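Just below is one structure, and these are the notes that go with it.
The values are calculated or read from the model by the stated rules, or taken from the named source; none is laboratory data. Predicted model only: the values in this text are computed from it and were never measured. FYI the Cβ positions are ideal-geometry reconstructions off the backbone, even for glycines, and counts take in every protein chain you see. Note: areas computed on protein heavy atoms with side chains; ligands, DNA, RNA excluded. Shrake-Rupley method; radii C 1.70, N 1.55, O 1.52, S 1.80 Å.
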Amino acid sequence: MSKLDPEAVINLAPVKKTAMPTVGPGLLLALSDGFMLALLGWTLIQLFGSDTLTAEADLSQRALVTGLMLVPLVKSVFGIYSLGRFDYLERTRRTFQAALLSVAVLAVPFIVMDGFRSFFVEALSVALIGFAITYAADLLLVHGLMASALNWRTPVVIVGAGPQGAAIAEKLQRLPWLGMRPVCFFDDDDTLWQTRVANLPVVGSTDLLAKSPAYAQQAQAAIVADIGRHKKELTALVERLPFKQVYCLLGEGNVSAVDATYHNLHGSLALRVSVRPPTSYLRIRRALDILLSGILLVAVAPLMLGIAAAIRLDSPGPVMFRQKRWAGGDKTFDVLKFRSMHINAEEHLQRLLENDPKMREEYMTYHKLTYDPRITPVGRFLRKTSLDELPQLVNILMGDMSLIGPRAYMPKELPEVGASAEVIGSVRPGLTGYWQVSGRHRTTFQERVAMDVFYVRNCGLLFDFYILCKTAVIVLKGDGS
C-alpha cells in the first residue's frame, strides 16, 4: 500500500467483476513502458549503433539491453505497476527510489570489475534515460487516457456524509487520476437522508448496504470517513460492509504520510510516523533560493521591463503592487507583484460584495472571484500566465519568501487559518507551493490551509522538485489564478 495514503485497507469479500479487470491499469502501464523502451532502444541504435560487428560494438549492445531490461524489472520490485491509485508524489517517489536502486546495482560491479567499466556506465545511462521517459509516459497515460475513462475508475461508496466525507468526495471528483469514482453516501444520521452532499446523494443508513444487494452492487469498495465517530463500532461497521476493500480515512492533512508506514503488532494495526529535523533541509533550500532567484532575475529582466511598460499603457496607477503578508509569528513583509487590478480595488471589492450575494458567497468560500471586474486587461493575462508574480523573486532574494512553500497569507486571514498557523508559519511562504499545483483557484480556503499543513509536515527536496516540475507545466498551460 502507498505510504502516502492516510488510510487503512481491510479486505473482506470476493472481488466483483469490473468493466476493466483489476490487472488492466498495471498491464497498460507495463505495455506503455515496453513500447517506450523499445522506441528508446531503436533510437539509440540508430544514433550510436555500428554496422561492424566488433567486440566493442557487441559489448555496447549488451549494455543497451541490460539498461532497458533493468527499468521494468526494478519498477515492478517497487510496485509501480500494481499501484491501485495514482498519486503524483507517490509515483515520483517510487520511480526515484527505483532509479537509485539501479544506480546501486550497477555501481558495485563498476567498482570491482576493471575491464568492464564502460559496459556498466553505458547500461546505467540507458537505464536512467529509460526511467525518465517511462515516468513521463506513465503520467501521460494515467492522467490523460485512463483518468478520463469512467469504466476504469473504481466506483466507491462513502460511509459518513460529514465534512471529512464531503472533502474526500470532492477530492476524488476533482482528481480522477486517483482512480476512484464516488457514487453516493451512506450515513446513520437520518437528518442527512435524501439530501445531497458534494453533489452526491445521501441514500440512507449503512445497514442498507448489508441488507440490499442492489445498493451494494453500486460500488466495488467503500471509504469510511471520520472514523472517530464510530470508535468501538468501527470493526463491526467494517465487517458489515459487503466489499473486498474498505478504506478507513485517518484524517485530512493531519498525518505526515510521506514518512508514515503501517505495522502489524501481533494483531494491532499501528501507524509509525517518522519526524525529521528540518534544519539541514532548510539551509540547503535557502542556498538554492539565493542561487536560483538571482539567476532568474537576470534572465527575466527584459521581460519584466516589457511587462512594466504594458501596465503603464493599459491603465493609470503604479507598476508594482505591495501588500502586507504574514511570515510566521508576529512578522510581516511587503509582497511584490505587478499590478493587475485597477486602482482603489479594495473599495470596489467591498461595493461588489455588498451588492451581489452570489459574489459574496463565492468570495467567502474561495477568497477569490471567478470573474473579477477589478482586474485590468493586461492584468488578466498576467494572472493567467502567473507573470504578475515575477517581482516576488526579489522577496526570495531578500529572504522574505522561498521559491517553494506554503501560501503567503494576509494577516486578516489568520483567524480562518486557525491553529494551523503555528505549523504553516514555521517555514517561509513560497512563490509556488503544493496547493498552487493541486487545484489552485478551484480549491476552497480551508482546502488550501490543509494542503499547506501537509506540505510543511512533509517538505523535502524531492517533494520540492515535484512541485517545481508541476509549476512549470501549469505555467506553460496558462492555468493561472
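Taking (1) open to solvent by 10 Å² or more (accessible area, probe 1.4 Å); (2) at pLDDT below 80 in turn, T443 satisfies each apart from (1). Scanning region 415-428 for residues that are surrounded by 14 or more Cβ atoms within 10 Å (Cβ to Cβ) and either farther than 21 Å from T279 by Cα or of a type in the set (D, E, K, R) (or both) yields E416, V417, R428. Taking (1) at pLDDT 80 or above; (2) in contact with a helix residue (DSSP H, G or I) (Cβ under 9 Å, 6 or more places away or on another chain); (3) open to solvent by less than 50 Å² (accessible area, probe 1.4 Å) in turn, A216 satisfies each apart from (1).
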